[in-house]
Amino acid sequence: MKSGRPRENVTDDSTGLPRQRISVLRLGHRRERDKRITSHLGLTARAFGADEVILAGEEDESALETWRTVTTRFGGSFDCRYEAKPMAWLRKFAQDAGDGEPGVIVHLTMYGEPWRAAVGVIERNRPMVVVVGGTKVPGEVFRLATHNVSVGNQPHSEVAALGVFLESFVGPLEESEYFAGGEIRVVPSLDRKKVITSDD
């Protein structure tokens, strides 16, 4: 699903000010073994403020369709696509993120610098890609990364790492504005399920 927003001209929906475009690159997807976790990675990327998820590994239209459908139903602007040559794409991004300037590459790994320290020094004026690996991440990713970032040094889910990192880096979203235009809107409630649809 295309948002129509050029890479170098993304604005913060709540302030109207320019902000960097954030992509999430999912490496090493295996269609049968990783379907659920990859699906949740894309949903987490969308929910916590990324602009795009890029799927790499085995091509999987069902994951892309899930992300497109959720965006249509729940609103907002979110792109998703498949990248057949992720390392070549990442090398190019490291040199030119689409505006003639190098992009910022954040690699989420349990071997990186602590995320609480990293979020304060990561550049915010250039497009960024957050790399989330699969079973085995090529060593070149560590070398290409502007920042290798660890959300803790214990084994846990890459979905959790992505959610924690994006929430700390992007900050809270004004959901009614950021996810405008959907068919469904969930209204927070202490004691019941409250949903507004486009038919209401």
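The values are calculated or read from the model by the stated rules, or taken from the named source; none is laboratory data. Since the structure is predicted, the reported quantities are computational estimates derived from the model, not experimental observations. Note that each Cβ is placed from the backbone with ideal geometry, even for glycine, and that neighbours are counted across all protein chains shown.
Tell me, yes or no, whether the range 156-168 has at least one residue that is surrounded by fewer than 18 Cβ atoms within 10 Å (Cβ to Cβ), modelled with pLDDT under 95 and farther than 22 Å from Gly42 by Cβ. Among the residues of the range 156-168, not one is surrounded by fewer than 18 Cβ atoms within 10 Å (Cβ to Cβ), modelled with pLDDT under 95 and farther than 22 Å from Gly42 by Cβ, which makes the answer no. Considering only residues that are part of a loop (DSSP other than H, G, I, E, B) and over 18 Å from Leu166 (Cβ atoms), look in the range 98-120 and name the one that is modelled with the highest pLDDT. Selected residue: Pro102. Hey, any hits in the range 43-52 for a residue that's within 30 Å of Ile196 (Cβ to Cβ), crowded, with 20+ Cβ neighbours inside 10 Å, modelled with pLDDT under 95 and in contact with a strand residue (DSSP E or B) (Cβ under 8 Å, 6 or more places away or on another chain)? No, the conditions are met nowhere in the range 43-52.
Looking at the range 80-97, which of its residues are within 25 Å of Thr69 (Cα to Cα), surrounded by fewer than 16 Cβ atoms within 10 Å (Cβ to Cβ) and hydrophobic (A, V, I, L, M, F, W, C)? Hit for the range 80-97 is Ala84, nothing else.
Within the range 135-155, is even one residue without any contact (Cβ under 8 Å) to a residue 12 or more places away in the chain, assigned to a loop (DSSP other than H, G, I, E, B) and among the polar types (S, T, N, Q)? The answer is no, given that none of the residues of the range 135-155 is without any contact (Cβ under 8 Å) to a residue 12 or more places away in the chain, assigned to a loop (DSSP other than H, G, I, E, B) and among the polar types (S, T, N, Q). All but one of (1) touching a strand residue (DSSP E or B) at 6+ places or on another chain (Cβ under 8 Å); (2) within 25 Å of Lys35 (Cα to Cα); (3) aliphatic (A, V, I, L, M) hold for Val186, so report the exception by its number. It is condition (2) that Val186 fails. The numbered conditions (1) in contact with a His (Cβ under 7 Å, 6 or more places away or on another chain); (2) over 30 Å from Ser198 (Cα atoms) are all true for Thr38 except (2).
Among the candidates Glu175, Glu167, single out the residue that is under 19 Å from the mean Cα position of the chain (by Cα) and farther than 23 Å from His107 by Cα.
Values: Glu167 fails: farther than 23 Å from His107 by Cα.
Glu175 is the lone residue from the list that is under 19 Å from the mean Cα position of the chain (by Cα) and farther than 23 Å from His107 by Cα.
The set of residues from the range 169-200 being among the basic types (Lys, Arg) and either surrounded by 17 or more Cβ atoms within 10 Å (Cβ to Cβ) or within 23 Å of Gly42 (Cβ to Cβ) (or both) comprises just one member, Arg185. Listed by first and then second residue, the pairs linking a residue in the range 27-40 that is touching a residue at least 24 places away in the same chain (Cβ under 8 Å) to a residue that is of a type in the set (S, T, N, Q) and surrounded by fewer than 17 Cβ atoms within 10 Å (Cβ to Cβ), with Cβ atoms under 6 Å apart and 6 or more places separating them unless they lie on different chains, are Gly28/Thr135.
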